[in-house]
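I have placed the structure first, in the form of structure tokens, so that the comments after it can refer back to it.
The values are calculated or read from the model by the stated rules, or taken from the named source; none is laboratory data. On a predicted model such as this, the values are computed, not experimentally measured, just so you know. Methodologically, a virtual Cβ is constructed for each residue, glycine included, from the backbone with ideal geometry; neighbour enumeration extends over all protein chains shown.
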Amino acid sequence: MYHLPMDLSSTFASPPGMRAGFGQNLQARPFTGADMLLYGAAVRHFGGGLSDEVLEALSWVFLNRRASGEPHQASLQPEHASPDWKERQLADPIAPEDARVFAVLAHVLAGGAADPTCGATRFHCHHETPAWAECMDVRALIGPYLFYRTRSSDSLGPAL
């Protein structure tokens, strides 16, 4: 199980662009090796082959959703995925692109990248228009994705 060292959690709690209390949330719900594999597989699925900026944004949106207390397991699974998606993703051999995705996710977890999504907990491709997007604020446009946060949470400033 991965626990943040005390000195890192104090700096991890509030770097610019990072959600307040994110470090404390990781202390309360430690990020495990299984979490790293699952989140890495999700980031790889949605962002494989895209820029590090997109991978960081995807990492943040999944971590923000986890920190918000919203159900997050469903958000990690692609729409129309087979029931064994997670097991198949975790059983795939690690290719160089996969290692790059995990490196970016680890960089985000270590506090090395501010949140470019401004606390977003959901995202979709530009060409999609999901019904849930109507009740959320757009927080960022990064790569092929629009990132959203609920309107009720106002702590990070105005929407785009």
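How many of the residues making up the range 30-45 are out of contact with any Pro (no Cβ under 9 Å at 6 or more places or on another chain), in a helix (DSSP H, G or I) and of a type outside the set (A, V, I, L, M, F, W, C)?
Quick first cut of the range 30-45, residues out of contact with any Pro (no Cβ under 9 Å at 6 or more places or on another chain) only: 30-41, 43-44.
After this cut, where a residue has to be in a helix (DSSP H, G or I) as well, the list is 33-41, 43-44.
Still in the running and of a type outside the set (A, V, I, L, M, F, W, C): 33, 35, 39-40, 44.
Residues in the range 30-45 being out of contact with any Pro (no Cβ under 9 Å at 6 or more places or on another chain), in a helix (DSSP H, G or I) and of a type outside the set (A, V, I, L, M, F, W, C): 5 in total.
Kindly indicate whether any position in the range 77-97 is at pLDDT 85 or above and either in a helix (DSSP H, G or I) or closer than 20 Å to R29 by Cα (or both). Give the steps one after another, and end with the answer.
Within the range 77-97, the subset at pLDDT 85 or above is 95-97.
Retained after the next criterion (residues that are either in a helix (DSSP H, G or I) or closer than 20 Å to R29 by Cα (or both)): 96-97.
There is at least one residue in the range 77-97 that is at pLDDT 85 or above and either in a helix (DSSP H, G or I) or closer than 20 Å to R29 by Cα (or both).
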